[in-house]
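Undergrad: The structure is given below, and queries will be raised subsequently.
The values are calculated or read from the model by the stated rules, or taken from the named source; none is laboratory data. Since this is a predicted model, take the numbers as computed values, not measurements. Virtual Cβ from ideal backbone geometry, glycine too; neighbours counted across all protein chains shown. We work out accessible area using only protein heavy atoms, side chains counted, and drop any ligands, DNA or RNA first. Shrake-Rupley method; radii C 1.70, N 1.55, O 1.52, S 1.80 Å.
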Amino acid sequence: MQAQNIVVVGAGICGLSAAIWLRRAGHTVTLIDRDGPGAGASYGNAGLLAEWAVVPVSEPGIAWTGLKYLVSRDAPLSLQWSQLPRLAPWLAQFLRNSTDTRTRRISSALSHLLHDSVDQHRALTRGTRAERCIASSDIGWAYPNRAAYHADAYSWELRRIAGYTPEVNDGPEVQEIEPMLGPATTCLVRLKGHGHITNPGAYMADLARVLEDEGGTVRRAEMRDVTMVDGRITQVLTDERPLPCDTAVLAAGIWSEPLARKLGVRVPLVAERGFHLEFQNPSQMPTMPMMMTSGKFAVNPMQLGLRCAGMVELGGTSEKMSRGPLNLLARNVARVFPDLRYDSVEEWMGYRPSTPDSLPLIGEMGASGVFAAFGHQHIGLTGGPKTGRWVADMIDGRGNAELHTFDANRFG
Ligand SMILES: Cc1cc2nc3c(=O)[nH]c(=O)nc-3n(C[C@H](O)[C@H](O)[C@H](O)COP(=O)(O)OP(=O)(O)OC[C@H]3O[C@@H](n4cnc5c(N)ncnc54)[C@H](O)[C@@H]3O)c2cc1C
């Protein structure tokens, strides 16, 4: 395959992974980001390499659960009501995907993308400085009681189909396995042999340096437009200067939607706003990452403190921090970990780039020479390295028939 001049837009996990694999395939690669590496969702996520995250949010019953959540003040899902007219068509498509048949199809596609995530991260970073941010760990689900675990049977069935058999513990065993859990948790479900990222911000910075060490270029620049000749990209136009290219990769997370429009492509991408609180110098740390099922947030022992991340607020990409979900997250953390003390706390909000079928867009948009690598909703950190590898393979003409489920043109 002839070496090409390739511009990758967006230095989150998807863009960084694509850029590194393209460089390793021998291409000339320039990665641009308007704010520098790891400025988006890839900075503030929960850090879980969630190979088991094969249950889409749109699972059967979501219409009823979602309605209940929307009328409650204490629910992990909320909506910026001013955005409803813009969100309504996306929500309608999202709900159409909540049948059992579609859920199983989506789950199988997610499994294809995610099942070897820890290996993919290790392959991306082997022998580089970025290895230091990957940790092996088990993953736990903290349930108030066994009945709550049984109520989650549909999700666990999908995980079992994907090959994950849980170990279920209750009674005093729970606190023996995870001393940080208070009496509010009487059932702990565990999957062994997974992994997490110990500092997502440092990981993105390291990956950018890996790209440079291997001969790629990283620039701070904002993509504004494109030049197309005979329907194919020839330049990425930035606030800095035009960047000529044979091919481009669009990996700008939630901001990919307005950029795709410059190519005449409309994608139904919505921001699921998410939040984290990172407690610095905490008095307690869990021994493994966990999903706190009551309150629906993840906890992860990280290098810089205890990160608690979650909540979904459907809305726009205004920078304004929403206090409601953040305050609820703080209350939920205090309820589950009543003895937690800390010196300071970092508050963060970011945007999960979400499609109505919970699957990312991976592949060439039309015959434009621009390849999509975005739309990874809740699982981008997990699926980013494989996405980058697939995109590099596609650009080199090595397609994979199974990738049609992620077709970048499937929304028309
Ligand atoms: C609270 C929360 C918890 C999460 N937890 C997890 C988890 O535990 N595990 C997991 O797998 N996933 C998790 N996710 C999801 C995951 O973080 C995202 O799916 C993933 O980070 C998306 O990566 P990305 O590279 O597509 O986009 P981003 O990381 O958002 O990167 C996009 C980049 O594009 C840049 N950009 C935008 N516009 C332009 C432009 N015009 N020109 C140049 N650059 C531009 C931005 O500056 C940004 O750096 C979580 C998300 C949230 C919000």
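Undergrad: Is it the case that the stretch 24-37 has a residue that's within 15 Å of A205 (Cα to Cα), open to solvent by 10 Å² or more (accessible area, probe 1.4 Å) and touching a Leu at 6+ places or on another chain (Cβ under 8 Å)?
TA: Yes; the residues of the stretch 24-37 include at least one that is within 15 Å of A205 (Cα to Cα), open to solvent by 10 Å² or more (accessible area, probe 1.4 Å) and touching a Leu at 6+ places or on another chain (Cβ under 8 Å).
Undergrad: Turning to a different aspect of this structure: Check the stretch 80-92 and report whether any residue there is within 16 Å of the ligand (Cβ to nearest atom) and of a type outside the set (V, I, T).
TA: yes
Undergrad: Okay, next question. May I ask you to list pairs of residues, at least six apart or on different chains, whose Cβ atoms are under 6 Å apart, with the first in the stretch 39-55 being assigned to a strand (DSSP E or B) and the second being among the hydrophobic types (A, V, I, L, M, F, W, C) and more than 7 Å from the ligand (Cβ to nearest atom)?
TA: Hits for this filter: L49/V118.
Undergrad: Just one of (1) outside any loop (DSSP other than H, G, I, E, B); (2) in contact (Cβ under 8 Å) with a residue 40 or more places away in the chain trips up M394, so point out which.
TA: (2)
Undergrad: Might you check whether a residue that is away from the ligand (no atom under 16 Å from the Cβ) and open to solvent by 10 Å² or more (accessible area, probe 1.4 Å) occurs anywhere in the stretch 343-359?
TA: If we filter the stretch 343-359 for residues that are away from the ligand (no atom under 16 Å from the Cβ), which is where we start, we get 343-344.
Retained after the next criterion (residues that are open to solvent by 10 Å² or more (accessible area, probe 1.4 Å)): 343-344.
The answer is yes; a qualifying residue exists.
Undergrad: Just to verify a result, which residue in the stretch 294-313, among those that are open to solvent by 20 Å² or more (accessible area, probe 1.4 Å) and on the phi < 0 side of the Ramachandran plot, is farthest from the ligand (Cβ to nearest atom)?
TA: In this case the residue turns out to be S294.
Undergrad: Let me ask something else about it. Could you say whether any residue in the stretch 282-293 is in contact (Cβ under 8 Å) with a residue 60 or more places away in the chain, of a type in the set (G, A, S) and surrounded by fewer than 17 Cβ atoms within 10 Å (Cβ to Cβ)?
TA: Scanning the stretch 282-293 turns up no residue that is in contact (Cβ under 8 Å) with a residue 60 or more places away in the chain, of a type in the set (G, A, S) and surrounded by fewer than 17 Cβ atoms within 10 Å (Cβ to Cβ).
Undergrad: Any chance you could count how many residues in the stretch 320-357 are part of a helix (DSSP H, G or I) and β-branched (V, I, T)?
TA: 2
Undergrad: So, in the stretch 381-399, of the ones that are open to solvent by 10 Å² or more (accessible area, probe 1.4 Å) and within 16 Å of the ligand (Cβ to nearest atom), which residue ends up nearest to R273 (Cα to Cα)?
TA: Taking the candidates together, the pick is L381.
Undergrad: Here's a check for you: in the stretch 46-71, which residue that is among the small types (G, A, S) and in contact with a Ser or Thr (Cβ under 8 Å, 6 or more places away or on another chain) is nearest to M302 (Cα to Cα)?
TA: So the first thing to find is which residues in the stretch 46-71 are among the small types (G, A, S), and the list is 46-47, 50, 53, 58, 61, 63, 66.
From what is left, the residues that are in contact with a Ser or Thr (Cβ under 8 Å, 6 or more places away or on another chain) are 47, 50, 53, 58, 61, 63.
Details: G47: 8, A50: 16, A53: 20, S58: 29, G61: 34, A63: 35 Å.
Applying the filter and picking the extreme gives G47.
Undergrad: Just to be sure I understand the filter: pairs with C-beta atoms under 6 Å, separated by 6 or more residues or on different chains, first member in the stretch 251-272 and over 18 Å from G383 (Cα atoms), second member polar (S, T, N, Q) and open to solvent by less than 40 Å² (accessible area, probe 1.4 Å). Which pairs pass?
TA: L263/S368; V270/S354
Undergrad: Counting only residues that are more than 13 Å from the ligand (Cβ to nearest atom) and open to solvent by less than 70 Å² (accessible area, probe 1.4 Å), how many does the stretch 111-133 have?
TA: The qualifying residues number 9.
Undergrad: Would you please name the residue that is farthest from the chain's Cα centre (by Cα), looking only at residues in the stretch 367-379 that are open to solvent by less than 10 Å² (accessible area, probe 1.4 Å) and either free of Cβ contacts under 8 Å to residues at least 40 places away in the same chain or within 12 Å of the ligand (Cβ to nearest atom) (or both)?
TA: Filtering the stretch 367-379 for residues that are open to solvent by less than 10 Å² (accessible area, probe 1.4 Å) and either free of Cβ contacts under 8 Å to residues at least 40 places away in the same chain or within 12 Å of the ligand (Cβ to nearest atom) (or both), the one farthest from the chain's Cα centre (by Cα) comes out as A372.
Undergrad: Does E364 satisfy the condition of being in contact (Cβ under 8 Å) with a residue 12 or more places away in the chain, touching a helix residue (DSSP H, G or I) at 6+ places or on another chain (Cβ under 8 Å) and open to solvent by 60 Å² or more (accessible area, probe 1.4 Å)?
TA: no
Undergrad: Within the stretch 400-412, track down each residue that is in contact with a Pro (Cβ under 9 Å, 6 or more places away or on another chain) and away from the ligand (no atom under 16 Å from the Cβ).
TA: F411, the sole residue that qualifies.
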